[in-house]
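Quick note: the coordinates plus some simple rules give every number you see, no bench work behind them. Quantities reported herein were computed from a predicted structural model and do not represent experimental measurements. Ideal geometry is used to build each Cβ from the backbone, glycine not excepted, and the neighbour counts take in all protein chains shown.
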Amino acid sequence: MSPVSDTMTRLRGRLAEVRDLDTITMTLIWDQQTMMPPGGGANRADQLATLEHLRHEKGVSSEMERLLDELDRDLDGMDPDSDDACLIRVTRRDFEKASLVPPDLKGDLARAGSLGQEAWAKARESSDFASFLPFLERLLELKARYVECFAGRVDCAYDALLDDFEPGAKTTEVAQLFTELKGGLVPLITAIGERVVPGAPGPLHGAYARREQRQLALSALAALGFEPGEWRLDEAAHPFAARCGWGDNRLTTRIDESYLGMALYSSLHECGHGLYEAGVASELSRTPLGTGASLGLHESQSRLWENIVGRSRPFCEWLLPRLAEHFAIPFGSMSPEDLFRTVNEVKPSLIRVEADETTYSLHVILRFEIEQELIEGGLAARDVPDAWNARMQSYLGVEVPDDANGVLQDVHWSAGLFGYFPTYALGNIMSAQIWERARADLPAVDEQIAAGELGGLHEWLREHLYRHGRKFTPEETLRKVVGGPIAVEPYLNYLREKFSDIYGIA
Ligand code: ZN
């Protein structure tokens, strides 16, 4: 064995251990959210903090540094796109970022996040923001210390947080994209609003049995292309997808017996995340490259499967008989076009995860603005509900009745995930760019979707996006798929075309 490959083998060995700790952590988080009795919360927080501590120590060990120093010298002679070269580059970046953060702080953040989630779940149940406030304040205090670790390396405090989810993204650039997005969305939503005839809630609202909803979600997911025996579906208050190991994909959904759209579309959404992770090239498994390039790109996939495919005319054609099989009333007498209009009903609403495609990004922009003010100073944690409610009124014209339906609806802040929200809207933007390119390459994709044959699209996405994993930066990865940088126009065009047609706007 040459010295280079020997060093590389040792690096890969160390990285495999780190990655195992990540997937073990993921498995414990999945368990906490789906199975664990609430009494286990405090001890689970300790367990997660211990794992985080171990992971940090392994990730920034002196051996890791020595291996990287040796391998850095060999980088010049390597194909820059090779797995090894990408592994060295990404590991160096991770190493440098992790070295800046003291292990105690990372452990404290993990513990505060775990306790925060338990407190949030209780606070949300009783719509009691005041009981959650001390946990939020503690998390913000720890996040301020986290940001300080990157002093002199970032343009603003929020950049340090954004980078954890969208590596390389800049707050100013994201703000500019969102200004453009908001500028396009507001007139579209206004034009639709003038056409909407107020009436009773649509047929997705009603009484729908839990068991039947689960069966429907399972049959839709089976069509999307996971290998049998490599995935499962469980219920969680805040649905997510967890890659717990090679061949072990855990999807979660929330079943609302009075709203059919929740389980069905949250399942499609999480399946999109799951397919991305499962589609990473097998050579990258048990390395830090064996996951998505960023949360924005991840979200581009969940939104593509949930909305661009799942709320399309062809998918409604395929879905309708399956819906009617489980719920003959009201779907037995419906046409595919009726279903298409039903699942694309535009209605400014309180809850982000229930928002239609046109208003969804405004929910995200609101959170992005509040987060920036919390992190950069200017907004105190106790004033967040007022800031939230005022912006819901001004952006969406919606009155927030209580905190459960307002500021307490999302789990993210309780877990310490600040800087995460903007990736949802970035994902929307990129989903349309990727879809535009896929359609151009797959002229029969509409007919295939209508027939429930989703393999062609799945394979295209695997080949152009999924297989790269985290080898390249998010920007480089997007360029490989669509040939250019992130751009808002394709998404606005997609929305204008679809909703002008539905609502008869000239
Ligand atoms: Zn998602």
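Looking across the range 148-171, the residues that are surrounded by fewer than 19 Cβ atoms within 10 Å (Cβ to Cβ) and not charged (D, E, K, R) come down to CYS149, PHE150, ALA151, GLY152, VAL154, CYS156, GLY168. For the range 375-433, taking the residues that are charged (D, E, K, R) and free of Cβ contacts under 8 Å to residues at least 60 places away in the same chain, the one that is nearest to ASP108 (Cα to Cα) is identified as ASP383.
Residues that are among the polar types (S, T, N, Q), more than 23 Å from PHE368 (Cβ to Cβ) and out of contact with any strand residue (DSSP E or B) (no Cβ under 9 Å at 6 or more places or on another chain): find the helices (runs of 4 or more DSSP H) completely inside the range 395-506 holding 1 or more of those. So that I can check it myself, show each step before the final result.
Values: elements: 422-441, 445-450, 455-464, 474-482, 489-503.
Helices (runs of 4 or more DSSP H) meeting the threshold: 445-450, 489-503.
Can you spot a residue in the range 191-213 that is farther than 28 Å from GLY455 by Cβ, touching a Cys at 6+ places or on another chain (Cβ under 9 Å) and β-branched (Val, Ile, Thr)? No, the conditions are met nowhere in the range 191-213.
Okay, residues lined up against (1) among the aromatic types (Phe, Trp, Tyr); (2) under 27 Å from ALA169 (Cβ atoms):
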{"position": "GLY397", "(1), (2)": "no, no"}
{"position": "ASP441", "(1), (2)": "no, no"}
{"position": "ALA451", "(1), (2)": "no, no"}
{"position": "PHE472", "(1), (2)": "yes, yes"}
{"position": "VAL488", "(1), (2)": "no, yes"}
{"position": "GLY504", "(1), (2)": "no, no"}
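As for the range 216-228, it holds at least one residue that is assigned to a helix (DSSP H, G or I), in contact (Cβ under 8 Å) with a residue 60 or more places away in the chain, within 16 Å of the ligand (Cβ to nearest atom) and of a type outside the set (Phe, Trp, Tyr).
All of ASP6, ASP74, ASP108, ASP81 fail the test of being among the acidic types (Asp, Glu) and under 30 Å from GLU141 (Cα atoms), apart from ASP108. Per the listing ARG243, ARG232, the residue uniquely closer than 30 Å to LEU21 by Cβ and surrounded by 19 or more Cβ atoms within 10 Å (Cβ to Cβ) is ARG243. Only one of the numbered conditions (1) in contact (Cβ under 8 Å) with a residue 40 or more places away in the chain; (2) closer than 29 Å to HIS363 by Cβ is violated by ALA438, and that is (1).
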